[in-house]
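Quick notes on the structure that follows.
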Amino acid sequence: MSKISFVYFDVGGVGVIDFTANNGRQEMLQYIGVPRERATEFNTLFDELEVQSSRGINIDSFKQELVRKFNLILPKKFSFRTYLADHLVANPSIWPVIEEVKARCKIGLLTDMYPGLLDNINERGLLPSIVWDVIIDSSVEKFQKPDQELYVLAQAHTNMPAQKILFVDNLQQNLDPAVEMGWQTFLYDPKNPKQSSQDLLKFIDKNL
């Protein structure tokens, strides 16, 4: 296995704890008044809208459509983007890993984001206050994981051969294109972040 020269970290599910590791989506549905019997319908539609948002469309531009379709009564000035940012949780176990890797090689973010959400995350201090060498934000690039184009772009920004890149993500479907590109990968478990961070650091120590 080649030595690692560049590490890409995902944000939601790795850098911060998001709804993939808890019941945050269910709590959001209750908060905005989605009827329980229509939760599956709402989630299916919202997942589709999130794909569009991750490719650059403001998630809140769909708000009125959702209000009409599900008879929602939203708080004044409600924002889906702000709600998500307010309910993301810092992952302190990953910070020492990021800081150690930063001292030893180049690092970046490779993440699916609503437009402007990464700024909200940084404003809330949910990620370490460091300078990332590369940031690949899906809402800026107009591609979303697992679009192959996003990984091609990400590799080009590293100026590294594929085998020297490590990608850390919490979803196997997002790691599969990286494997096809020849990258090294690590599947992070946001439901057990402390252990997963320790395992990640051991993996990196062996391959740096």
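The values are calculated or read from the model by the stated rules, or taken from the named source; none is laboratory data. Computed from a prediction, not measured in an experiment: that's the story for all the values here. All Cβ positions, even for glycine, are placed from backbone atoms using ideal geometry, and neighbour counts span all protein chains on display. Calculation scope for accessible area: heavy atoms of the full protein, side chains included, ligands and nucleic acids excluded. Shrake-Rupley method; radii C 1.70, N 1.55, O 1.52, S 1.80 Å.
Accessible area per residue (1.4 Å probe, heavy atoms of protein chains only) ranks K69, K202, K145, K102 as K202, K69, K102, K145, with the largest value leading. Measuring with a 1.4 angstrom probe and ignoring ligands and nucleic acids, S196 comes out at about 10 Å² accessible. Heavy-atom accessible area with a 1.4 Å probe sorts F143, F203, largest first, into F143, F203. Could you name the lysines whose alpha carbon sits less than 26 Å from that of K191, not counting residues in the same chain fewer than 8 places away? Filter leaves K102, K145, K202, K206. Against the chain, whose longest principal axis is taken from its Cα atoms, helix 95-104 shows a tilt of about 40°.
Ellipticity at 222 nm from helices only: DSSP H runs of n ≥ 4 in the chain, each -39500 (n - 2.57), divided by the residue count, give -13500 deg cm²/dmol. Accessible-area rank, largest first, for F167, F186: F186, F167, with all protein chains present and a 1.4 angstrom probe. Accessible surface of R38, taken over heavy atoms with a 1.4 Å probe and every protein chain present, rounds to 60 Å².
In whole angstrom, the chain maps to an equivalent ellipsoid with semi-axes of 32, 17, 15, each derived as √(5λ) from the alpha carbon gyration tensor and ordered largest first. The overall shape of the stretch 103-183, judged from the alpha-carbon gyration tensor, is oblate: a/c is not under 1.5, and a/b is no greater than b/c.
Other residues lying with their Cβ under 9 Å from the Cβ of F78 contribute a combined charge of +2, Lys and Arg counting +1, Asp and Glu -1.
Taking every DSSP beta bridge that has both residues in the chain, what percent is antiparallel when rounded to the nearest 5?
10 percent
Each Cα pair under 8 Å and six or more residues apart adds its separation to the average, and for the stretch 1-141 the resulting relative contact order is 38 percent.
Could you tell me which of rounded, prolate or oblate describes the stretch 14-86, using a ≥ b ≥ c as the square roots of the eigenvalues of the alpha-carbon gyration tensor, with rounded for a/c under 1.5 and, failing that, prolate when a/b is larger than b/c and oblate otherwise? Because its axes are fairly even, with a/c under 1.5, the stretch 14-86 counts as rounded.
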